[in-house]
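Chemist: Take a look at this one; I'll ask things after.
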Amino acid sequence: MQIEILKSKIHRVFVTEANINYIGSITIDEDLMEAANIIEYEKVHVVNVSNGERIITYVIKGKRGSGIICLNGAAARKAAIGDVVIVLSYAVMTPEEAKNHTPICIFPKNNQMECK
């Protein structure tokens with residue numbers, strides 16, 4: 001048996017753009033993608049904390065260091081600029097693998113990863 005487990009989470013970032021004329025997806029700053037171990041074209045769930053909307057889409061790499069979180073295409077109708085969202089990715093594994101799995105959760109400040 002295989003189960004779906006949380007792989008990674010980008011917690012509480014704000015939408016910087018909404019582009020209805022793009023064909024679909026969410027564009028995410030490459031720094032945030034790397035920190036959360038999310039790769040380009042990976043399926044993600046986007047949960048809008050501001051209005052309760054939930055969507056499933058895929059990720060497109062955004063400019064590194066830009067802080068971009070842009071909902072594209074039809075997804076742009078589900079959020080407004082400034083809305084707070086959570087981006088979730090999942091992995092399929094056996095229950096035995098899941099017992100030893102720890103999701104990566106990042107908590108960016110102002111859509112940026114803080115340098116220590």
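The values are calculated or read from the model by the stated rules, or taken from the named source; none is laboratory data. The shown structure was predicted, so the numbers you read here are calculated from the model rather than taken from an experiment. Glycine also receives a Cβ, built like all others from the backbone with ideal geometry; neighbour counts cover every protein chain displayed.
Chemist: For residues in the range 80-104 being among the hydroxyl-bearing types (S, T, Y) and assigned to a loop (DSSP other than H, G, I, E, B), which is farthest from the chain's Cα centre (by Cα)?
Modeler: Result: T94.
Chemist: Give the residues of the range 69-114 that are more than 21 Å from L6 (Cβ to Cβ) and acidic (D, E), sorted by residue number.
Modeler: Those that are more than 21 Å from L6 (Cβ to Cβ) and acidic (D, E): D83, E114.
Chemist: Here's a follow-up. From (1) in contact with a Phe, Trp or Tyr (Cβ under 8 Å, 6 or more places away or on another chain); (2) free of Cβ contacts under 8 Å to residues at least 60 places away in the same chain; (3) within 13 Å of K78 (Cβ to Cβ), pick out the condition that doesn't hold for E53.
Modeler: Of (1) in contact with a Phe, Trp or Tyr (Cβ under 8 Å, 6 or more places away or on another chain); (2) free of Cβ contacts under 8 Å to residues at least 60 places away in the same chain; (3) within 13 Å of K78 (Cβ to Cβ), only one is false for E53: (1).
Chemist: Might you check whether a residue that is more than 22 Å from T102 (Cβ to Cβ), surrounded by fewer than 17 Cβ atoms within 10 Å (Cβ to Cβ), touching a strand residue (DSSP E or B) at 6+ places or on another chain (Cβ under 9 Å) and of a type in the set (G, A, S) occurs anywhere in the range 25-38?
Modeler: Taking every residue of the range 25-38 in turn, none turns out to be more than 22 Å from T102 (Cβ to Cβ), surrounded by fewer than 17 Cβ atoms within 10 Å (Cβ to Cβ), touching a strand residue (DSSP E or B) at 6+ places or on another chain (Cβ under 9 Å) and of a type in the set (G, A, S).
Chemist: Which is at pLDDT below 95 and either over 10 Å from the mean Cα position of the chain (by Cα) or in a strand (DSSP E or B) (or both), of Y41, Y58, Y22?
Modeler: Y22
Chemist: Looking at R77, R64 in this structure, which one is charged (D, E, K, R), in a loop (DSSP other than H, G, I, E, B) and surrounded by fewer than 15 Cβ atoms within 10 Å (Cβ to Cβ)? Lay out the reasoning, then the answer.
Modeler: Values: R77 fails: in a loop (DSSP other than H, G, I, E, B).
Going through R77, R64 in turn, just one is charged (D, E, K, R), in a loop (DSSP other than H, G, I, E, B) and surrounded by fewer than 15 Cβ atoms within 10 Å (Cβ to Cβ): R64.
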